[in-house]
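Novice: Got a structure for you, questions after.
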Protein chains: 2
Amino acid sequence: MAKRMRETTEVRQKQITEAALQVIGQKGINGATTVEIASAAGISEGNLYRHFRNKEEIIKSVIDKIGSDLVAILAAVVEVSAPLQKLEITFKRHLKYIEGNVGIPRTIFSEETIVANENLRARVKNTILMYFQGIKQIVEQGQRIGVLDTEMDSQAITSMFIGTIHFAVTWWLMNNFSPKLTDDAEGLWKNFARAVTHKD
Amino acid sequence: MAKRMRETTEVRQKQITEAALQVIGQKGINGATTVEIASAAGISEGNLYRHFRNKEEIIKSVIDKIGSDLVAILAAVVEVSAPLQKLEITFKRHLKYIEGNVGIPRTIFSEETIVANENLRARVKNTILMYFQGIKQIVEQGQRIGVLDTEMDSQAITSMFIGTIHFAVTWWLMNNFSPKLTDDAEGLWKNFARAVTHKD
DNA sequence: CTCGCTTGCAAGTGCGCGCTCACTTTAGAT
DNA sequence: ATCTAAAGTGAGCGCGCACTTGCAAGCGAG
């Protein structure tokens, strides 16, 4: 055994959360057993329970991390003035972010997490809703200045935005991460932009 | 115990497949244990294994049932001449079909099924691909006669078609089936249609 | 230095899962 | 009526899981 390195709970929680996200990315939510997570975090299984009350708390922590990452993605474009460019940057950054963290879609869209556990589902729902509304605001801004089609429902455009990403990711996951997600980003974006920009 | 009703393997396989789909709809793939499936099918757990070699075969059977249902949905519109109307009917029927069979999205888009098991993933992938290409053909037909935007990639339009449905379903699942999925169908379709029809 | 609190670990414990097995019941063929 | 193959059963097995426990060791406060 390597030398014991004593760390504070705060540090360990962060390590465990990141380890969990990584394991979920590799093996799915089911594959993310407490043994696997502990091993990925470089600590013993028992030690997990010093820093988290149970596995559910670990998953909650993962969801919260994802939420704050998404907030950061949205926040990064507030300075950009053109709404369409905001959307483009967000679109591509979202795909890039997911490509680097496969665990994210596997957590957020895991039926298992969602169906089985009321608390986790509520958390995921809030995270998605928050992101959805962030996008929707940009869309409405775009409609106000006449760049985006004003005859379309902002809700519908937002659904299409996320839906397009969502399905692209799903397909990418199902094809063992090939081709690269970001390789498709440009084409996907161009087509989406054409679909929702003003037509008259 | 109720009276023992002896049935042929063929009948039982069908019953078990439908029971499995129903249980998955209620409790997710993880909740669909052999005990639950057997109970929903009204037979003993041991008897499951008279008709299927193992649980994986049951899930395979479920996937195949979904595949043939989707084929039926696509086949139902071959007689319709207008491509846009074909898409509209398929769109609405797809949502209606899912609303009546929650187990379908939970099977098809279950990360667990997909990640963990190579065979199942291949099967699901083929099913989605088959459906995708069915839609894509209609889209290309629509582009050929100039109803759908010819400057957009048919692949992208198809992705948007399925992505829109996919996300709507995901959101509906996360909100405990409210509001009714088919209530949104009209609005979703109208916006999608505006997005992809010809603009010049 | 040593006390006390927290971090760390290895070896459990109990439980639910997929699956098996020894045996019984059923129904059609002879 | 009798025989046989298949359908049906429920007890139970082994395994992997989340989680616990008893004890060792690090570290700051006095």
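Novice: Could you give the accessible area per residue of chain B, probe 1.4 Å, as a whole number in Å²?
Specialist: 47
Novice: What do the square roots of 5 times the Cα gyration tensor eigenvalues come to for the stretch A:62-196, in whole Å, largest first, as semi-axes of the equivalent ellipsoid?
Specialist: 24, 18, 14
Novice: Hey, another quick one. Only four residue types carry charge here, +1 at the Cβ of Lys and Arg and -1 at the Cβ of Asp and Glu. Report the dipole size of chain A about the Cα centre in Debye, rounded to the nearest 20.
Specialist: Its charge dipole is roughly 640 debye.
Novice: Let's see if you can work this out: charge +1 on each Lys and Arg Cβ, -1 on each Asp and Glu Cβ, no other charges. What is the dipole magnitude of the protein assembly as shown about its Cα centre, in debye to the nearest 20?
Specialist: Numbers: 50 positive and 46 negative charges, 207 e Å.
The dipole magnitude comes to about 1000 debye.
Novice: Now, a different point. Would you jot down the residues in the stretch B:24-64 that end up with at least 40 Å² less accessible area in the complete protein assembly than in the chain alone, with a 1.4 Å probe?
Specialist: SASA drop of 40 Å² or more in the stretch B:24-64: B:Asn30.
Novice: Next question. Report, ordered by chain and residue number, the aspartates and glutamates lying within cross-link reach of B:Lys27, taken as a straight Cα distance under 16 Å and ignoring same-chain residues fewer than 8 apart.
Specialist: A:Glu111, A:Glu112, A:Glu118, B:Glu18, B:Glu36, B:Glu99, B:Glu111, B:Glu112
Novice: May I ask you to find the residues of the stretch B:124-141 that are shielded by at least 30 Å² of accessible area once the whole protein assembly is considered instead of their isolated chain (probe 1.4 Å)?
Specialist: Residues losing area: B:Lys125, B:Ile128.
Novice: Moving to a separate point now. State the answer as a single residue: which of A:Gly142, A:Ala72, A:Trp189 lies farthest towards the positive end of the charge dipole of the stretch A:62-196, with beta carbon charges of +1 for Lys and Arg and -1 for Asp and Glu, about the Cα centre.
Specialist: With unit charges placed on the Cβ atoms, the residue in question is A:Ala72.
Novice: Please report how many Lys pairs in the stretch A:62-196 have alpha carbons closer than 27 angstrom, counting only residues at least 8 apart along the chain or sitting on separate chains.
Specialist: Qualifying lysine pairs in the stretch A:62-196: 22.
Novice: Rounded to the nearest 100 Å², what is the buried accessible area between B and A, both sides summed, probe 1.4 Å?
Specialist: Buried: approximately 4000 Å² between A and B.
Novice: Determine the share of the stretch A:108-200's accessible area contributed by carbon and sulfur atoms, expressed in whole percent, with a 1.4 angstrom probe.
Specialist: Here it works out to 47 percent.
Novice: Right, next: Would you please put B:160-170, B:177-187 in order of how densely packed they are, using the mean number of other Cβ atoms within 10 angstrom per residue and starting with the highest?
Specialist: B:160-170, B:177-187
Novice: Once the convex hull of the alpha carbons of the stretch B:1-77 is built, what does its volume come to per residue, in cubic angstrom?
Specialist: It is 105 Å³ per residue.
Novice: Sticking with this structure for a sec: Could you give the alpha-carbon Rg of the stretch A:140-200 over 2.2 N^0.38 Å, rounded to two decimals?
Specialist: Output field value: 1.29.
Novice: Per-residue ellipticity at 222 nm for the protein assembly as shown, helices alone: DSSP H runs ≥ 4 residues times -39500 (n - 2.57), over residue total, nearest 500 deg cm²/dmol?
Specialist: Rounded to the nearest 500, it is -25000 deg cm²/dmol.
Novice: Average partner chain C-beta neighbours within 10 Å, per residue of A:166-173?
Specialist: Partner Cβ neighbours, averaged per residue: 6.
Novice: Here's another thing I want to ask about it. Based on the alpha carbons, how large is the Rg to Rh ratio for the protein assembly as shown when Rh follows Kirkwood? Walk me through the numbers before you get to the answer.
Specialist: Values: Rg = 22.6 Å, Rh = 22.6 Å.
Ratio value, two decimals: 1.00.
Novice: Using alpha-carbon pairs under 8 Å, 6+ residues apart, how would you state the relative contact order of the stretch B:56-196 in percent?
Specialist: On the way: 98 pairs, mean separation 43.3, N = 141.
It rounds to 31 percent for the stretch B:56-196.
The values are calculated or read from the model by the stated rules, or taken from the named source; none is laboratory data. Values in this document were obtained by computation on a predicted structure and should not be read as measured data. No Cβ is skipped: glycine too gets one built from the backbone with ideal geometry, and neighbour counts run over all protein chains shown. Just the protein is used for accessible areas: all its heavy atoms, side chains included, with ligands, DNA and RNA removed. Shrake-Rupley method; radii C 1.70, N 1.55, O 1.52, S 1.80 Å.
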